């Protein structure tokens with residue numbers, strides 16, 4: 001049986017719930033240039049534009065629901081760890097939506113931040129936030145107006161990397177779901193997991209940029225392939241290709 005499972009999820013898992021994927025070939029995200037809405041320089045140029053961009057996204061995810069792939073991961077967390085005492089299932093996501101939380105997954109690591117969180121650059125507080133924000137919004141803790149979206153922009157360090165690396169060094173199964181394999185450091189997680197002998201399985205519509213690094217590839221819609229895979233894991237404690 002696998003003792004420590006680490007799951008990485010990317011945009012592909014949420015795309016089936018209707019959340020748009022960043023198009024790297026065009027450099028556009030929701031019809032906006034990435035340089036304008038996903039970099040600190042872009043934020044400093046036009047803070048209100050950036051706030052409104054994330055306000056729109058925050059509003060849009062309120063109506064989105066988790067799909068069978070999200071629900072399968074919750075089942076894995078709940079049933080696998082119950083059946084195999086001492087086992088752990090860590091979910092790391094590159095996504096900034098709340099679909100894992102809506103699916104009732106626990107202790108999800110949002111390495112790129114969250115739409116439903118805000119960050120005060122004055123007192124460094126981060127807290128849950130579900131409404132629209134602007135340059136006039138005041139911090140709940142210190143009262144300053146230096147609030148920014150709690151999102152990791154290009155050129156910034158992803159969150160909780162020490163925790164993620166520790167989990168990867170301890171894992172014996174690594175699953176990557178709906179990731180492009182081009183955004184680092186996440187694109188290097190498979191290599192790290194394999195360096196400690198973990199079995200690595202990729203779930204994607206097609207082979208990712210780092211697909212050849214995995215032991216196995218399961219290709220098709222995650223909402224169809226993942227529930228079956230999770231069923232096998234819970235039943236057998238391991239993956240049999």
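FYI, it's all coordinate maths here, none of it is from the lab. Since the structure is predicted, the reported quantities are computational estimates derived from the model, not experimental observations. We place every Cβ from the backbone using ideal geometry, glycine too, and count neighbours over all the protein chains shown.
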Over the Cα atoms of the range 101-228, what Rg and Dmax result, in angstrom?
-> 17.8, 51
Any number yet on Rg/Rh for the range 1-155, C-alpha, Kirkwood?
-> 1.02
Most fluctuating residue given options 89, 183, 21, as computed from a GNM of the chain linking Cα atoms under 10 Å | 183
Going 7 Å from the Cα of residue 47 in the Cα-to-Cβ direction, what parts of the range 139-168 have a backbone nitrogen less than 12 Å from that spot?
-> 139, 144-149
The range 64-172, relative contact order in percent, only Cα pairs under 8 angstrom and at least six apart counted | 22 percent
Approximate spin-label separation residue 101-residue 169, in nm, with each point projected 7 Å along Cα-to-Cβ = 3.0 nm
Taking the Cα atoms only, what angle lies between the long axis of helix 222-236 and the longest principal axis of the chain, rounded to 10 degrees?
-> 50 degrees
Could you calculate the contour length gain from residue 21 to residue 182, that is, 0.36 nm times the residue separation minus the distance between their Cα atoms, to one decimal place in nm?
-> 56.6 nm
How many angstrom separate the Cα center of the range 200-217 from the Cα center of the range 67-97?
-> 19 Å
Report P(r) for the range 59-132: all Cα-Cα distances, bin width 10 Å, range 0 to the bin holding the largest distance, values in whole percent.
-> 18, 43, 27, 11, 1
Would you mind getting me the FRET efficiency between residue 128 and residue 154? Use the beta-carbon distance for r and R0 = 22 Å, nearest 0.05.
-> 0.35
